[in-house]
Amino acid sequence: MMKYLIIFLTLCCVTFISCSSSIKELNEDNGVSIASSYSPVYPVLIGKQINPVFRIEVDLEQNRKGTIQGLVLDMRGTTSIDEIKGVAIYYTASKESFSTNNLFAETNKVAQKIMLTGDQELSIGSNYFWLSVTLMDDTNLDHEIQAVIKEAEVNSSTIKVPPSIEETKKRVGHALRQHNDDNVHTYRIPGMATTNNGTLIAVYDIRINGSVDLQEDIDVGMSRSIDNGQTWEAMKTIMDMGEWGGLSQKENGVGDPSILVDHKTNTIWVSALWLHGHPDKRAWFASQPGLTPEETGQFLLVKSEDDGLTWSDPINVTTQFKNPKWQLLLDGPGKGIMMEDGTLVFPAQFKDHIGVPHSTIIYSKDRGETWSIGTGAKTHTTEAQVVELSDGTLMLNMRDDRGSGPNGRNGTGARSVYTTSDLGQTWIEHPTSRKDLPESVCMASLIKHTYQGKELLIFSNPADQYLRQNMTIKISEDDGLTWNEKYYTLIDEGKGRGYSCMTSIGEEVIGIIYEGSQADMVFQRIRLSDLYDSK
């Protein structure tokens, strides 16, 4: 008979750092111990069958035997228990990472306290058990999920587990686009904006055959929500060059979208890069100097004048502002803005005549009839986002390839930040450039948001200098001069492709769409009270 077995499950409610307990008290009779518990900072997603939320590590000593016969789950921290469709426990043997290869037990009879029974023989050393939940399709995005393991039945003895010191509650989100949805291999490159009517418009790459960049069979997709992101209409394809010029879909890919809303007319503009020809090559290297589709990548626009219900045919504006000596010109991606004076601005990038990339902007002063381009802000910068500061200057926040090194990462990645007061004809380096916003060389998002009379800058990126992980939202109260760590909020600690885009949903809420660890395209709605007030 066992003398004692203590399972000490510690979760971390601090928003930026996930927490795992790590204690190890041995049962002297059978050599079984609970070594640790772990609650990852992952969103729990509507539309996704499997959502890992909690893990325990069970250790077995040499020359001993042990069997887990049951686990008791506690769901009492969940906002509405009726929103949980089912729960399951998976055994992942000696592997810490989550997998669904070995189901221990599951049920769709969900209550605040649940006993799941099974019969899992333990191996010598570490054994991991993961708890997963499935949500109802109508789960409220503003609710939270909390599910932990509170008791374990080991070798026919039930062990009571002391309460955790702190337990992380999980935010709810949408698996807006997943691998193989609608027979599409991969969805990438998010952009999102809010129309005058409050409609959310999300755009992204539809990568039909695989995950690679252009050139491939890629179209631009759009998802639309008229209830602040709670539900989404079926995906529409809004940019597809078909078999233009007699070449296949695979040689007419269009992608890397960026979106902006002209708030004076409620016209929605989406830009993207079209590549014609160059099968099985990447656009970044295949595009060459010139202006024609056969020579170089093309800068396309589409627009909607009915709140995203229908869209125009593609409008090719390449010849309006591309220098024919440049090897490539494309947009942000992500989103653009309308300035206070009505000027429409998209972030953009170009490779010059010797192949050096520069971030810049394109802009229109006549409601999108004609477009002009700025100069390069800085060499070796690419994907950028733009905001208008309180004094009317534009801030360009840029991916800087100087963080690249062996295997694409050397731990020195950080955003470059420049400003302009003349629509990109001249640029000034910002004091925070290459200092305050570290990253693993990736696209990021930057928006201006007014909250309780304050103008805030809100930034999101994978906040890690080595890997695209730890998707984090940050807030600046002073036009980006400082980014106080108390306003950092981790929303997904897992590894993903790392691109993100945010939009304001009224004063109290921002929406974010990002390439997360749990789905190709994750949408979450996050209150300013969580990002700002509570800090």
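Structure summary
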quantity	calculated
Count of region 42-69 residues which are modelled with pLDDT under 95 and either at positive phi or outside the structural domain of residue 86 (by TED's automatic domain parsing) (or both)	1
In region 303-319, the residues that are more than 15 Å from residue 330 (Cβ to Cβ) and part of a strand (DSSP E or B)	303, 304, 315
Pair list, Cβ under 8 Å, 6 or more apart: region 94-106 residue modelled with pLDDT of 95 or more, other residue part of a loop (DSSP other than H, G, I, E, B)	94/123; 98/92; 99/92; 100/50; 101/92; 102/92; 102/93
Subset of region 488-528 that is among the hydroxyl-bearing types (Ser, Thr, Tyr) and assigned to a loop (DSSP other than H, G, I, E, B) - its residue that is farthest from the chain's Cα centre (by Cα)	517
Every residue from region 111-135 that is touching a strand residue (DSSP E or B) at 6+ places or on another chain (Cβ under 8 Å) and free of Cβ contacts under 8 Å to residues at least 60 places away in the same chain	112, 113, 114, 115, 116, 117, 118, 119, 120, 121
Residues that are within 28 Å of residue 498 (Cβ to Cβ) and either touching a His at 6+ places or on another chain (Cβ under 6 Å) or modelled with pLDDT under 95 (or both), drawn from region 310-349	332, 338
Breaking point among (1) part of a loop (DSSP other than H, G, I, E, B); (2) in contact with a strand residue (DSSP E or B) (Cβ under 7 Å, 6 or more places away or on another chain), for residue 325	(2)
Those residues of region 189-233 which are of a type in the set (Phe, Trp, Tyr) and either surrounded by fewer than 23 Cβ atoms within 10 Å (Cβ to Cβ) or over 28 Å from residue 140 (Cα atoms) (or both), in sequence order	232
Selection count, region 458-473, where residues are surrounded by 22 or more Cβ atoms within 10 Å (Cβ to Cβ) and either within 15 Å of residue 388 (Cα to Cα) or more than 16 Å from the chain's Cα centre (by Cα) (or both)	2
Residue within region 288-297 that is of a type in the set (Val, Ile, Thr), surrounded by fewer than 22 Cβ atoms within 10 Å (Cβ to Cβ) and within 25 Å of residue 222 (Cα to Cα) present	no
Given (1) aliphatic (A, V, I, L, M); (2) part of a strand (DSSP E or B); (3) more than 13 Å from residue 73 (Cβ to Cβ), number of the condition residue 116 does not satisfy	(3)
Residue within region 476-487 that is closer than 25 Å to residue 222 by Cα, outside any loop (DSSP other than H, G, I, E, B) and either under 20 Å from the mean Cα position of the chain (by Cα) or charged (D, E, K, R) (or both) present	no
Residue match in region 123-133 (condition: surrounded by 21 or more Cβ atoms within 10 Å (Cβ to Cβ) and more than 30 Å from residue 61 (Cβ to Cβ))	yes
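The values are calculated or read from the model by the stated rules, or taken from the named source; none is laboratory data. Remember, it's a predicted structure, so these values are computed and weren't measured experimentally. With ideal geometry, Cβ positions are generated from the backbone for all residues, glycine too; neighbour counts draw on all protein chains shown.
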